[in-house]
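Written out below as structure tokens is the structure these notes cover.
Taken together, the values in this text are just the output of simple stated rules run on the coordinates, not laboratory data. None of the values given here were measured: they were computed from a predicted structure. Cβ coordinates were reconstructed from backbone atoms using ideal geometry, including for glycine residues, and neighbour counts include every protein chain displayed.
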Amino acid sequence: MKIAIVRKKYSDFGGAERYVASLSKHLVESGHKVHVFADEWKIDNKQNARHNTYLSQILFHKVPVIRIVSFLHVLSFTISSRRLLQKEAFDIIHSLERTTYQDIYRAGDGCHKEWLRQRTKIDPWYKSILAVLNPLHLSLLWIEKKIFKNGKYKMIIANSKRGKAEIVHHYGVPPEKIQVIYNAIDTKRFNLTNPAEVRIQVRMQHGISPKDQILLFVGSDFKRKGLAAAIESLARLKSGIKLIVIGKDRVGPYRSMANRMGIKEHVNFLGPRADVERYYCAGDLFIFPTIYDPFSNVCLEAMAAGLPVITSSVNGASELLEEGKNGYIIENPIDPIEISKKIQKGLKLSQRSVQEFNSKLLERFSWEQHLAQVLDIYGSIRDKNRLHA
């Protein structure tokens, strides 16, 4: 099939971006012709030298955008991508961005109307009022309405049951028009050659004792992902627990927060890391009290590395957790008391039993099975398109 993939940024960093790159790779390897429509693409060729073969087979189309302000960036990408896509015939147009011209829309970024509702938990009251007038939010809501209310799709893919329920609730989309396909994970990436040695090396590198327990937080946009709540929860725990933070955002406010709470020496900010697998290996528990996340890939990564996961119920990935088996679910992501209690429970779980449970669980989320589900939708849509041609 000749397939168009639409996403503003094509990159090998970031959960959503890595998903697009992996989907493209597996489609190419399955013999399909892939065209990527993006505003920019950044691939670390040194880290991805083995992928050069598949990259050379993807045809990239530069989508012109207006970068002056964020809402113009959003609107211009939507308009420009539509214009470019209409110039060429495709069997399938699969958009992973809020756009108004596609066969399949994957709502991987969630429902913006729901995000605005959830962010009131962390924003002061006046920001909720300002959000109603913000051109960026108005633009995203306008596009969302175009997609869901005006039927600018033939099928919607949601990456969690919660995500599907949000779209049905806010926009009245018929449930049968939304198919839930959970994210995929390449578990081989986390099968390190000598995990025990890696664990020791990482801890020594950062001056962490073998006796200390490590909480790991991975993600950019610290405010939305709940880093403040994670730090406040750490302050309530015993001194032998450390927090490692990996991700790109402003560190200053969170370092000051840790200092005020007397735990500055217990929190390590490492910025974005290409070798994050090593840190999963060094950790004892993954903490992710996100305010809103359709489905966080980092939780899947932590599971693949054998870690128990503590995350909030507003994260679609929580649907893969069985409390007391491979982690715990937080009902209130801004309550440090609840979070600290769940952390204590998570640290008591048997590492071996968690690894065994996660290993069996993730067999259902291989890229092979994921691709088969996606291609099944592609084939159905393609056949319908030909029937009505």
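Label point of residue 334 set 7 angstrom out along Cα-Cβ; within the stretch 105-130, amide nitrogens under 20 Å from it belong to 111-130. Summing Cβ point charges (Lys, Arg +1; Asp, Glu -1) relative to the Cα centre of the stretch 187-364 gives a dipole of roughly 440 debye. Comparing mean-square fluctuations of 64, 333, 174 from a GNM of the chain with C-alpha springs under 10 Å, the top value falls on 174. Other residues whose C-beta falls under 12 angstrom from the C-beta of residue 314 contribute a net charge of +1, scoring Lys and Arg +1 and Asp and Glu -1.
Within 10 Å, count the other beta carbons around each residue, average over each peptide in 312-319, 176-183, 110-117, and list them highest first. Don't skip to the answer; put the middle values down first.
On the way: 312-319: 23.6, 176-183: 17.1, 110-117: 19.4.
Result, highest mean Cβ count within 10 Å first: 312-319, 110-117, 176-183.
With the gyration tensor restricted to C-alpha atoms of the stretch 193-259, the semi-axes of the equivalent ellipsoid amount to 23, 15, 10 Å, longest first.
Taking 8 Å as the Cα distance limit and 6 or more residues as the minimum spacing, I'd like the relative contact order of the stretch 187-364 as a percentage. In percent, rounded to a whole number, it is 23.
Taking the number of Cβ atoms within 10 Å of each Cβ as an exposure proxy, the fewest-first ranking of 298, 354, 6 is 354, 298, 6. Restricting the calculation to Cα atoms, the stretch 5-162 yields a radius of gyration followed by a Dmax of 16.7, 52 Å. With the convex hull constructed from alpha-carbon coordinates only, the chain shows a mean projected area of 19.3 nm² over all directions.
Can you tell me which of 300-310, 94-104 comes out highest on packing, and rank the rest after it, using the mean Cβ neighbours within 10 Å?
300-310, 94-104
Computed over neighbours whose Cβ is under 12 Å from that of residue 212, the net charge equals +3, Lys and Arg +1, Asp and Glu -1.
Could you compute the FRET efficiency for residue 136 and residue 260, with r as their C-beta to C-beta distance and R0 at 25 Å, rounded to 0.05? E(calc), rounded to 0.05, equals 0.20.
Placing a pseudo-label 7 Å from each Cα along the Cα-to-Cβ vector at residue 201 and residue 275 gives an inter-label distance of 0.6 nm. Taking 7 Å steps out from each Cα toward its Cβ at residue 70 and residue 128 produces label points 2.0 nm apart. When the square roots of the Cα gyration tensor eigenvalues are ordered a ≥ b ≥ c, the ratio a/c for the stretch 267-357 is under 1.5, which makes its shape rounded.
Can you tell which of 270, 11, 141 lies farthest toward the positive end of the dipole of the chain, using +1 and -1 charges on the Cβ of basic and acidic side chains (Lys, Arg; Asp, Glu)? Checked the options; the winner is 141. Among 142, 125, sorting on how many other beta-carbon atoms sit within 10 Å of each Cβ, with the fewest leading, yields 125, 142.
Length available on full extension from residue 367 to residue 193: 0.36 nm per residue minus the Cα-Cα distance, which gives 60.5 nm. Extension gain for residue 169-residue 387 works out to 75.3 nm (0.36 nm per residue, less the C-alpha to C-alpha distance). Charge tally around residue 379: other residues with Cβ under 14 Å, Lys/Arg +1 each, Asp/Glu -1 each, net +1. Judged by the gyration tensor of its Cα atoms, with axes a ≥ b ≥ c, the stretch 187-364 is rounded; a/c sits under the 1.5 cut. Charges were assigned to the Cβ only: +1 to each Lys and Arg, -1 to each Asp and Glu. The resulting dipole of the chain about its Cα centre is roughly 700 debye.
FRET efficiency for the pair residue 313 and residue 356, taken as 1/(1 + (r/R0)^6) with r the Cβ-Cβ distance and R0 = 25 Å, rounds to 0.50.
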